[in-house]
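Note sheet for the following structure.
The values are calculated or read from the model by the stated rules, or taken from the named source; none is laboratory data. As the structure is a prediction and not an experimental result, all values here were calculated from the model. For neighbour counting, all protein chains shown are included, and Cβ atoms are generated from backbone atoms with ideal geometry for every residue, glycine included. All accessible areas refer to the heavy atoms of the entire protein, side chains included, with ligands and DNA or RNA removed. Shrake-Rupley method; radii C 1.70, N 1.55, O 1.52, S 1.80 Å.
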Amino acid sequence: SGPARVEVRVNASRREIEDQLLARATVGIHSMRDEHFGISVVEFMAHGVIPVGHDSGGVREDIIQHGVNGFLASDASEYGRWVCHALYEMTEEERECMREAGRRRCRQFSDAQFARALAGEVARAFVHQE
């Protein structure tokens, strides 16, 4: 089906990112080492983009389940391997399963989920004080 098209954009606006880039992307790369959370990975997942994230920090601990909802990489060779795998070796059905797993995972980081968890913790704190 021809070579994949790669675009590098610097300082893109939020609208351009959401409306143009994420809407067309298959794979997104997150290369920051030891990031505490990795909101861009969650944004990839919310838009159905398969993430390849750094195998460290919150990206590994809290967000990406390797091979389920994205891929983890530690060096340029691994990033290349997983990007190529997602683009050329996975079937469209496998990619769609991974996209859906990512969408399910990112829902756990929604404002509504945060509010429920916070309310539960506050209620639990009051119960323990009585």
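Stokes-Einstein diffusion of segment 1-45 at 25 °C, 0.890 mPa s viscosity, Kirkwood radius from Cα pairs, rounded to a whole number: 203 µm²/s.
Kindly provide the helix-only [θ] at 222 nm of the chain, computed as the sum of -39,500 (n - 2.57) over DSSP H runs of four or more divided by all residues, to the nearest 500 deg cm²/dmol? Write out the running numbers ahead of the final one.
Numbers: 4 runs with 52 residues, N = 130.
Calculated at 222 nm, the ellipticity per residue is -12500 deg cm²/dmol.
Near Ser56, the amide H atoms lying under 5 Å from its own belong to Asp34; only residues 5 or more places off or on other chains count, and H is placed 1.01 Å from N.
In Å², and per residue, what accessible area does the chain have when probed at 1.4 Å with the other protein chains present? Working shown, then result.
Numbers: 8620 Å² over 130 residues.
With the other protein chains kept in place, the chain gives 66 Å² per residue.
Tell me which label goes with the value of Cα Rg over 2.2 N^0.38 Å computed from the coordinates here: (i) 1.26; (ii) 1.21; (iii) 1.03. Computed from the coordinates, Cα Rg over 2.2 N^0.38 Å corresponds to (ii).
Take the Cα of Glu121, step 7 Å toward its Cβ, do the same at Tyr88, and the gap between the two points is 4.5 nm.
Charge dipole (Cα centre; +1 on Lys/Arg Cβ, -1 on Asp/Glu Cβ; no other charges) of segment 1-86 amounts to roughly 300 debye.
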